[in-house]
Amino acid sequence: MPRAKEKTLVIVESPTKARTISQFLGSSFDIESSFGHMRDLPKSKLGIDETTLEPSYIIPLKARKNVTALKKKAKKATDIILATDEDREGEAIAWHLAKVLEIPEGAHKRIVFHEITKKAIEEALSHPRTIDLKLVDAQQARRVLDRLVGYKLSPFLWKKVAR
């Protein structure tokens, strides 16, 4: 049985970006969307270890179908490039993708671009980097603080403000 044509998987955040970028790159690239975050803290409980402040991530129900599809494509891909936004949220999405797709540390490539043009995409592809863990840590710290305040302080404030 002949092998399918080998492809590089490029994952961006939005399906609109994926469609546009696929017009610039050749058939050796498979451009897919993560549709934003693939993992999050659970909605029904705190999801933070109160001693270590370590978050416990889950794959939300709405993301499971896409996660399964991306895992299949990742297994077939010769290379995986994470092309999420450059801000701390995008960096965290790239990190979560690497975890969900079980990409070994250092085996993924991370690219960023500031405009969606053929030249910008090709330039980004020629200068891949690794995930910036300082940005990931910043996003996680923000998320942990939001959750702690939301779960611990909000009920108290609602009791006081509701009167």
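Which numbered condition trips up residue 132, out of (1) open to solvent by less than 80 Å² (accessible area, probe 1.4 Å); (2) over 20 Å from residue 36 (Cβ atoms)?
(2)
Within segment 79-97, can one find any residue that is of a type outside the set (A, V, I, L, M) and over 22 Å from residue 137 (Cβ atoms)?
Yes: segment 79-97 contains one or more residues that are of a type outside the set (A, V, I, L, M) and over 22 Å from residue 137 (Cβ atoms).
Check segment 136-153 and report whether any residue there is aliphatic (A, V, I, L, M), closer than 27 Å to residue 58 by Cα, touching a residue at least 60 places away in the same chain (Cβ under 8 Å) and open to solvent by less than 80 Å² (accessible area, probe 1.4 Å). Give the derivation first.
Filtering segment 136-153 down to residues aliphatic (A, V, I, L, M) leaves 136, 138, 141, 144-145, 148-149, 153.
Among the residues that remain, those that are also closer than 27 Å to residue 58 by Cα are: 136, 138, 141, 144-145, 148-149, 153.
Filter once more, so that each one left must be touching a residue at least 60 places away in the same chain (Cβ under 8 Å): 144, 148.
Keeping just the survivors that are open to solvent by less than 80 Å² (accessible area, probe 1.4 Å) gives 144, 148.
Looking for residues that are aliphatic (A, V, I, L, M), closer than 27 Å to residue 58 by Cα, touching a residue at least 60 places away in the same chain (Cβ under 8 Å) and open to solvent by less than 80 Å² (accessible area, probe 1.4 Å), one finds at least one in segment 136-153, hence yes.
Could you grab me the full set of residues in segment 87-106 that are within 18 Å of residue 36 (Cα to Cα) and open to solvent by 40 Å² or more (accessible area, probe 1.4 Å)?
Passing the criteria: 87, 88, 89, 95, 99, 102.
Between a residue in segment 92-109 that is within 16 Å of residue 128 (Cα to Cα) and any residue that is of a type in the set (D, E, K, R) and open to solvent by less than 10 Å² (accessible area, probe 1.4 Å), which pairs come within a Cβ distance under 6 Å, given they are 6 or more apart or on different chains?
Going by the 6 Å Cβ cut-off, the qualifying pairs are 94/110.
For segment 68-86, enumerate the residues that are more than 14 Å from residue 12 (Cβ to Cβ), surrounded by fewer than 18 Cβ atoms within 10 Å (Cβ to Cβ) and within 16 Å of the chain's Cα centre (by Cα).
Residues of segment 68-86 more than 14 Å from residue 12 (Cβ to Cβ): 68-69, 71-72, 74-79.
Subsequent filtering for residues that are surrounded by fewer than 18 Cβ atoms within 10 Å (Cβ to Cβ) retains 68-69, 71-72, 75-76, 78-79.
68, 69, 71 - these are the residues of segment 68-86 that are more than 14 Å from residue 12 (Cβ to Cβ), surrounded by fewer than 18 Cβ atoms within 10 Å (Cβ to Cβ) and within 16 Å of the chain's Cα centre (by Cα).
Just to verify a result, which residue in segment 34-55, among those that are surrounded by fewer than 17 Cβ atoms within 10 Å (Cβ to Cβ) and hydroxyl-bearing (Ser, Thr, Tyr), is nearest to residue 102 (Cα to Cα)?
That would be 52.
Quick one: is residue 109 open to solvent by 70 Å² or more (accessible area, probe 1.4 Å), among the charged types (D, E, K, R) and more than 19 Å from residue 11 (Cβ to Cβ)?
Numbers: open to solvent by 70 Å² or more (accessible area, probe 1.4 Å): yes; among the charged types (D, E, K, R): yes; more than 19 Å from residue 11 (Cβ to Cβ): no.
Spelling it out, it is not the case that residue 109 is open to solvent by 70 Å² or more (accessible area, probe 1.4 Å), among the charged types (D, E, K, R) and more than 19 Å from residue 11 (Cβ to Cβ).
Can we say residue 121 is crowded, with 18+ Cβ neighbours inside 10 Å, over 20 Å from residue 15 (Cβ atoms) and either β-branched (Val, Ile, Thr) or in contact with a Phe, Trp or Tyr (Cβ under 9 Å, 6 or more places away or on another chain) (or both)? Give the derivation first.
Numbers: crowded, with 18+ Cβ neighbours inside 10 Å: yes; over 20 Å from residue 15 (Cβ atoms): no; either β-branched (Val, Ile, Thr) or in contact with a Phe, Trp or Tyr (Cβ under 9 Å, 6 or more places away or on another chain) (or both): yes.
Criteria not met by residue 121.
The values are calculated or read from the model by the stated rules, or taken from the named source; none is laboratory data. Just so it is clear, the model here is predicted, and its values are computed rather than measured. Every residue, glycine as well, gets a Cβ built from its backbone with ideal geometry; the counts of neighbours run over all protein chains shown. Just the protein is used for accessible areas: all its heavy atoms, side chains included, with ligands, DNA and RNA removed. Shrake-Rupley method; radii C 1.70, N 1.55, O 1.52, S 1.80 Å.
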